[in-house]
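Colleague: First the structure, which I've put down as structure tokens, then a few questions once you've had a look.
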Amino acid sequence: MQYDVLIIGAGSAGLSAALTLGRCMRRVLLADGGPPRNESSPGVHGFLTRDGIRPAELLRIGHEQLRPYDSVEVQCLEIESIVQEGRGFRATGVGTADDAPHTILARRVLLATGVADILPPLPGFRELWGRGVLHCPYCHGWEVRGQPLAVYGQGRTVTGLALLVSRWSSNVVVVTDGAGYLTPNARRRLRHQKIQIREERVARLVGSAEHDLQYIEFADGSQLQRNALFLHAPQHQRSALAEKLGARHNSKGAVWVDSAMETSIRGLYAAGDTTPGTQQALLAAAAGSKAAIVINESLTREECPR
Ligand SMILES: Cc1cc2nc3c(=O)[nH]c(=O)nc-3n(C[C@H](O)[C@H](O)[C@H](O)COP(=O)(O)OP(=O)(O)OC[C@H]3O[C@@H](n4cnc5c(N)ncnc54)[C@H](O)[C@@H]3O)c2cc1C
């Protein structure tokens, strides 16, 4: 086999796994297929020692700190397929800079390919994503604390998120963009926190360079001034590699892993946002490190038969 481990994805999870495996002197190929999920955000918050760092700068440091580890190779490469071969895997991909085809043989594969967020198809959501349109109060709540905020969505999802966001501001409005599917109990709980509800259809979000979000414009032309809008957007996997291999997914579409971060396919591991659980850059980095340790131990067991 060419490599001990092929790591697919060079975000927090993949870079962290590469660092730990490099320190184990493992032959690693880190396939860097493009920007991370938080690319449009001005800062990564809550990352110990790096609070507020630009996403690109966090990854730049991650790459820089891989340099001493000669056994780790990084290539700008999008992996397109993986098949099991013998006791390992054969992967194929294309260079993202030169379109050159690549074939990689590796004993183990770690998927660190992340997820993508599906935003409402209304003007302003994509344009303001990561600035005035925010996905998580743990990541961005502090930056907009005490300000006029909106929480977008319906039913239990919007209720839970709005109650959570009310920890950061007492001026929160739920915007349901049509029928809100809010139960009487949900309405009571929101009212108790003094959270208003607007059930008109939304036409667009309007922002500016100084104010990331300025106002929400409803279909009837009325406007609601807000400095930020939170939503729990649905997600999909950035890569279909696990699905194509037949790996098990959970009901929310995350790649299922056992307590050793192995998927239902032997030798295929996964870490970071691609797996179930809380999604944060620091947690993805920790999961990448943990996956690297269990992969190294599984390779060691194979190399040291009883
Ligand atoms: C707008 C926004 C702001 C955020 N802010 C914060 C914050 O302030 N603090 C915080 O802790 N978290 C924040 N997050 C969450 C954070 O971005 C994620 O938890 C973190 O990026 C997960 O890391 P990851 O390595 O699992 O995935 P990612 O960082 O998304 O990295 C996955 C990588 O895999 C690559 N890839 C995918 N498919 C392939 C393939 N086939 N071949 C090769 N490469 C591939 C992708 O291009 C990407 O580079 C934010 C998220 C969003 C959307």
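The values are calculated or read from the model by the stated rules, or taken from the named source; none is laboratory data. Note that the structure is predicted; figures quoted are calculated from it, not measured. So basically every Cβ, Gly included, is an ideal-geometry build from the backbone, and we count neighbours across all protein chains shown. The area values use the complete protein model at the heavy-atom level, side chains included, leaving out ligands, DNA and RNA. Shrake-Rupley method; radii C 1.70, N 1.55, O 1.52, S 1.80 Å.
Colleague: Could you calculate the contour length gain from ALA100 to ALA286, that is, 0.36 nm times the residue separation minus the distance between their Cα atoms, to one decimal place in nm? Please report the intermediate quantities before stating the final value.
Modeller: Values: separation 186, 0.36 × 186 = 66.96 nm, distance 3.24 nm.
That works out to 63.7 nm of additional length.
Colleague: Same structure, new question: Among GLY246, VAL165, LEU110, whose Cα sits farthest toward the positive end of the charge dipole of the chain (+1 at Cβ of Lys/Arg, -1 at Cβ of Asp/Glu, about the Cα centre)?
Modeller: Result: VAL165, furthest along the dipole toward the positive end.
Colleague: Can I ask one more? Identify which of LEU282, LEU122, LEU29 has the largest mean-square fluctuation in a Gaussian network model of the chain, with springs joining Cα atoms closer than 10 Å.
Modeller: LEU122
Colleague: For the residue pair ASP220 and SER208, what label-to-label distance in nm results when each label sits 7 Å from Cα along the Cα-to-beta-carbon direction?
Modeller: 2.6 nm
Colleague: Placing +1 at every Lys and Arg Cβ and -1 at every Asp and Glu Cβ, with all other atoms neutral, what dipole size does the range 119-231 have around its Cα centre, in debye to the nearest 20?
Modeller: Details: 14 positive and 9 negative charges, 117 e Å.
That gives a dipole near 560 debye.
Colleague: Here's a follow-up. Where the only charges are on Cβ atoms (+1 Lys, Arg; -1 Asp, Glu), what is the dipole of the range 198-306 about its Cα centre, to the nearest 20 debye? Write out the running numbers ahead of the final one.
Modeller: Numbers: 12 positive and 13 negative charges, 69 e Å.
With Lys and Arg at +1 and Asp and Glu at -1, about 320 debye.
Colleague: On to the next question. Which of rounded, prolate, oblate describes the range 119-231, given a ≥ b ≥ c as roots of the alpha-carbon gyration tensor eigenvalues and a/c under 1.5 marking rounded, otherwise prolate only if a/b is larger than b/c?
Modeller: oblate
Colleague: For the chain, what is the accessible area per residue in Å² when the probe is 1.4 Å?
Modeller: Working: 15350 Å² over 306 residues.
Computed with neighbouring chains in place, this is 50 Å² per residue.
Colleague: What whole-number distance in Å separates the alpha-carbon centres of the range 213-235 and the range 1-73?
Modeller: 35 Å
Colleague: Rounded to the nearest 20 Debye, what is the dipole magnitude of the chain about its Cα centre when Lys and Arg each give +1 and Asp and Glu each give -1 at the C-beta? Display every interim value, and only then the final one.
Modeller: On the way: 34 positive and 30 negative charges, 240 e Å.
Here the chain has a charge dipole of around 1160 debye.
Colleague: With the dipole of the range 3-51 worked out from charges on the C-beta (+1 for Lys and Arg, -1 for Asp and Glu) around the Cα centre, which of SER41, ILE8, MET25 lies farthest toward the positive end?
Modeller: It is MET25, whose Cα lies furthest towards the positive end.
Colleague: Turning to a different aspect of this structure: Read phi for every residue in the range 281-293 and hand back ³J(HN,Hα) as whole Hz from Karplus 6.51 cos²θ - 1.76 cosθ + 1.60, θ = phi - 60°, with x for Gly and Pro.
Modeller: The phi angles translate into 4, 5, 5, 5, 4, 5, 5, x, 5, 5, 4, 4, 5 Hz.
Colleague: Which order, highest average first, do 6-18, 104-116 follow once you tally other Cβ atoms within 10 Å for each residue and take the mean per peptide? Please report the intermediate quantities before stating the final value.
Modeller: On the way: 6-18: 30.2, 104-116: 24.8.
In decreasing order of mean packing, 6-18, 104-116 become 6-18, 104-116.
Colleague: Counting pairs of alpha carbon atoms under 8 Å apart in space and at least six apart in sequence, what relative contact order in percent does the chain give?
Modeller: Details: 669 pairs, mean separation 64.0, N = 306.
That works out to 21 percent.
Colleague: Express in % the proportion of alpha carbon pairs of the chain at distances exceeding 31 Å.
Modeller: Values: 17474 of 46665 pairs.
Counting every Cα pair in the chain, those more than 31 Å apart make up 37 percent.
Colleague: A follow-up question, please. Mind giving me the nanometre distance, one decimal, between the label points for TRP256 and HIS232, set 7 Å out from Cα along Cα→Cβ?
Modeller: 2.2 nm
Colleague: Roughly how many percent of the accessible protein surface of the chain is carbon and sulfur, given a 1.4 Å probe and a whole-percent answer? Walk me through the numbers before you get to the answer.
Modeller: Numbers: 7780 of 15350 Å².
Percent of accessible area from carbon and sulfur atoms in the chain: 51.
Colleague: If each DSSP helix of 4+ residues adds -39,500 (n - 2.57) and the sum is divided by the residues in the chain, what number results at 222 nm, nearest 500 deg cm²/dmol? Provide the component values of the computation, followed by the final result.
Modeller: Numbers: 7 runs with 73 residues, N = 306.
Result for the chain: -7000 deg cm²/dmol, rounded to the nearest 500.
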